[in-house]
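J.: Encoded as structure tokens, here's the structure I'll be asking about.
The values are calculated or read from the model by the stated rules, or taken from the named source; none is laboratory data. Keep in mind the model is a prediction, meaning the values are calculated, not measured. Note that we place each Cβ from the backbone using ideal geometry, even for glycine, and neighbour counts take in every protein chain shown. Ligands, DNA and RNA are stripped out before the accessible areas are found, and what is left, the full protein with its side chains, is counted by its heavy atoms. Shrake-Rupley method; radii C 1.70, N 1.55, O 1.52, S 1.80 Å.
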Amino acid sequence: MSSSLIARRSPGNRVSSPAARGTRSSVTRNNLSGWGFATPFLVFFLVFLVWPVVYGIYMSLTGKSLTGANDSVIGLANYAEAFADADMWRSLGNTLYFTVISTVPLVLVALVMAALLNVGLPAQWLWRLSYFAPYLLASTVVSLFFTWMYNPQLGLINDSLSKIGIPKIAWLNDPNVAMWAIVIATLWWTVGFNFLLYLAAMQNIPAQHYEAASLDGAGAWRQLFSITLPQLGPTTVMIVLLQVLASLKIFDQVYQMTAGGPGGATRPAVQYIFETGFTGYRLGYSAAISYIFFGLIVLVSVMQFVITRRRSA
Amino acid sequence: MATQTLNRATLGTSTSPAVRQPRKKMSAGRIAAVVVAAVIAVLWLVPFAWATVTAFKSETDAASPKVSWIPPSGFTADAFVKVFQDGNIPLWTWNSLYTSAAITAVTLVISSLVAYALSRIDFKGKKVLMTVIIASIIVPPPVLIIPLFYQMLALHMIDTSWAIILPQVIHPAMVFVLKKFFDQIPRELEEAAVMDGASRMRIFLQVVLPLSRPILAAVAIFVFIGAWNNFLWPFIATNDASLLTLPVGLQTIKSAYGIQYAQNMASALLAALPLILVFLFFQRQIIKGVATTGLAGT
């Protein structure tokens, strides 16, 4: 191994220099091995991602149904129908509403959790475990836990609230409360992920910053506001971005806890896609709604990108 | 951001306190921090505790309108016995285990191969390929359920494990994470092997992969947790009760048991147990995985 390194460096034997690398045979070899290494992934990528994306667009232009009737192309009729479909707009609205009201606590609570642990509490692993453990659960488990705790008559939450004089709340059955009930369950379930991202970012802040601040007599609070928080800007941007994209895809816990109810008050876009396709049998129409939803996600992503660009510029 | 490093103190699974800062006396602020942290921790543990207590109650006590942490007629493991007699939980656990393992294995193989090519080999069309893979990160999986279902129907794979496994092996963000890691491996290590006449595949297998264990572990754990907990796609792809994964199976239990609260909680806890155990064993790698592959919010 060392002998070949010497050989490479000796004059007149610069086989791997950029100029020599450009010989035709090595270019061909690189092309072959490059695509060879990429092929296994590419096969799956083309069959299970690119093809469905393209085929979905075609489906959205047809009257395809699960019962096999009317496979013919009907142009943009599905899209026209969708844009006039109040249920679709409502499900998109629910999705956006959930995204807005869930992102704020999911970022803030994560920040508070990480800031608390960053003080250097004893038994770090125990705190980390309790904050993060729910993230490991399947949505079904989370939904079972919370449906049980939200139970209006037998549930722990109403029982605890009644002890401090708050009347019973129909958590999952009250259209004005149900979405908040979903947000609380989601916060409990997924905040640990953001918490770990924040904690990692905080631990990456050089210790010298804090040492210098201590010498200047800055206390823990002062250090938090003058050093820690200002350094977290890029991390916060990333967490908000990921959180918004994750929240837009909400489906599991809503479907399992309220089935979209009461009266469609919590039904998100993904559930509407699912229902038009598999309960309503209208695959073509469902595909069209999928792409309108996709368009919304792209729009939100572009908006986030523009805003963060402008901020950092 | 995606490849930020973490110091041992953050990630260590040992109980040693953080060494980052000199140990300070318990000031008032620190005590307040402990109190607030403890309140949050208790709130976060209550659902587990309440589910556990309920699972060990008799159905009568569980359905009593008088909420109790200590059941009037004592604790009993009846609910667990009934769930086990039912027999589905072990079967669904096995289904989740082998489909998630298969998804993880295939993802690791195909993603690391393509990531290596993107990182190290100068081939024609590389830039286009890279752009397409990065662009595909934005495709939300729920958008694909309709065409994928139709495709699986055409391939006669609906109600087989293939339908669960195959569409879940593409993780464009993970390819990107792996590529960034490979980029940091010094080229000299490989060039020496090239000089010795080793083939690309040999270099990949004997030089690059052994150096990449941490990131491979992180990606593996991440993909595994995602696959284990995925609900929407397995829910669509299978109806056959013998093929259901644990999350999908649980959903059917909820309606089957109806108001059998203790049994519901017992099955939820049994379903949660495997991943909690995995976490206790791999705590450090999992936390690192979140920090390093955090960009991959799939």
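J.: Return the residue satisfying two criteria in turn: it lies in region B:54-63 and is more than 12 Å from A:LEU156 (Cα to Cα) and hydroxyl-bearing (Ser, Thr, Tyr), and of such residues it is least open to solvent (accessible area, probe 1.4 Å).
T.: Only one residue fits best here, namely B:SER58.
J.: Also: I need the helices (runs of 4 or more DSSP H) fully contained in region A:86-182, keeping only those with at least 1 residues that are open to solvent by 30 Å² or more (accessible area, probe 1.4 Å) and among the basic types (Lys, Arg).
T.: A:86-118, A:156-163
J.: Tally up the residues in region B:64-84 that are at the interface with chain A (Cβ under 7 Å from one of its Cβ atoms) and surrounded by fewer than 16 Cβ atoms within 10 Å (Cβ to Cβ), please.
T.: Matching residues across region B:64-84 total 1.
J.: I would also like to ask the following. Quick one: what pairs do we get from region A:252-275, first residue at positive phi, second open to solvent by 20 Å² or more (accessible area, probe 1.4 Å) and not acidic (Asp, Glu), C-beta under 7 Å, 6+ apart or different chains?
T.: Sorted first by the residue in region A:252-275, then by its partner, the pairs are A:GLY260/A:ARG267; A:GLY263/A:PRO175; A:GLY264/A:ARG90.
J.: Hey, among A:LEU224, A:LEU283, which residue is in contact (Cβ under 8 Å) with a residue 12 or more places away in the chain and under 23 Å from A:PHE132 (Cβ atoms)?
T.: A:LEU224
J.: Among the listed residues B:ARG202, B:ARG284, B:ARG213, which satisfies the condition of being out of contact with any Cys (no Cβ under 8 Å at 6 or more places or on another chain), of a type in the set (Lys, Arg) and either in contact (Cβ under 8 Å) with a residue 24 or more places away in the chain or closer than 15 Å to B:ILE103 by Cβ (or both)?
T.: Of B:ARG202, B:ARG284, B:ARG213, the one residue that is out of contact with any Cys (no Cβ under 8 Å at 6 or more places or on another chain), of a type in the set (Lys, Arg) and either in contact (Cβ under 8 Å) with a residue 24 or more places away in the chain or closer than 15 Å to B:ILE103 by Cβ (or both) is B:ARG284.
J.: Taking the options B:ASP122, B:ASP61, name whichever one is assigned to a helix (DSSP H, G or I) and of a type in the set (Asp, Glu).
T.: On inspection, the qualifying residue turns out to be B:ASP61.
J.: Report, by residue number, each residue of region A:57-69 that is assigned to a helix (DSSP H, G or I), farther than 14 Å from B:LEU153 by Cβ and either open to solvent by 50 Å² or more (accessible area, probe 1.4 Å) or not polar (S, T, N, Q) (or both).
T.: Listed by number, the residues that qualify are A:ILE57, A:TYR58.
J.: Can I ask one more? Kindly indicate whether B:ALA32 is at pLDDT below 90 and part of a loop (DSSP other than H, G, I, E, B).
T.: Considered against the rule, which asks whether it is at pLDDT below 90 and part of a loop (DSSP other than H, G, I, E, B), B:ALA32 comes out as no.
J.: For the subset of region A:201-249 comprising residues that are within 16 Å of A:LEU117 (Cα to Cα), over 24 Å from the mean Cα position of the chain (by Cα) and among the polar types (S, T, N, Q), which member is modelled with the highest pLDDT?
T.: Within region A:201-249, the match that is modelled with the highest pLDDT is A:THR228.
J.: For A:PHE45, are the conditions met, namely being at the interface with chain B (Cβ under 8 Å from one of its Cβ atoms), at pLDDT 95 or above and either buried (at least 17 other Cβ atoms within 10 Å of the Cβ) or part of a helix (DSSP H, G or I) (or both)?
T.: Against the criterion (at the interface with chain B (Cβ under 8 Å from one of its Cβ atoms), at pLDDT 95 or above and either buried (at least 17 other Cβ atoms within 10 Å of the Cβ) or part of a helix (DSSP H, G or I) (or both)), A:PHE45 qualifies.
J.: Same structure, new question: Out of B:TRP92, B:TRP44, B:TRP50, B:TRP69, I need the residue that is aromatic (Phe, Trp, Tyr) and not in a helix (DSSP H, G or I). Which one?
T.: Step by step, each of B:TRP92, B:TRP44, B:TRP50, B:TRP69 is checked, and only B:TRP69 is aromatic (Phe, Trp, Tyr) and not in a helix (DSSP H, G or I).
J.: Moving on to the next point. Could you count how many residues in region B:133-154 are surrounded by fewer than 22 Cβ atoms within 10 Å (Cβ to Cβ), within 26 Å of A:GLN243 (Cβ to Cβ) and more than 7 Å from chain A (Cβ to nearest Cβ)?
T.: Qualifying residue count, region B:133-154: 4.
J.: Could you please give the count of residues in region B:26-62 that are in contact with a helix residue (DSSP H, G or I) (Cβ under 6 Å, 6 or more places away or on another chain) and in contact (Cβ under 8 Å) with a residue 24 or more places away in the chain?
T.: Going through region B:26-62 one residue at a time, the tally reaches 6.
J.: Within region A:174-205, work out how many residues are within 25 Å of A:LEU241 (Cβ to Cβ) and either free of Cβ contacts under 8 Å to residues at least 40 places away in the same chain or not aromatic (Phe, Trp, Tyr) (or both).
T.: Counting residues in region A:174-205 that are within 25 Å of A:LEU241 (Cβ to Cβ) and either free of Cβ contacts under 8 Å to residues at least 40 places away in the same chain or not aromatic (Phe, Trp, Tyr) (or both) gives 20.
J.: If A:ALA200 satisfies every condition in (1) within 28 Å of B:LEU244 (Cα to Cα); (2) of a type in the set (A, V, I, L, M, F, W, C); (3) facing another protein chain (nearest Cβ under 10 Å) but one, which is the exception?
T.: Tallying (1) within 28 Å of B:LEU244 (Cα to Cα); (2) of a type in the set (A, V, I, L, M, F, W, C); (3) facing another protein chain (nearest Cβ under 10 Å), A:ALA200 fails exactly one: (1).
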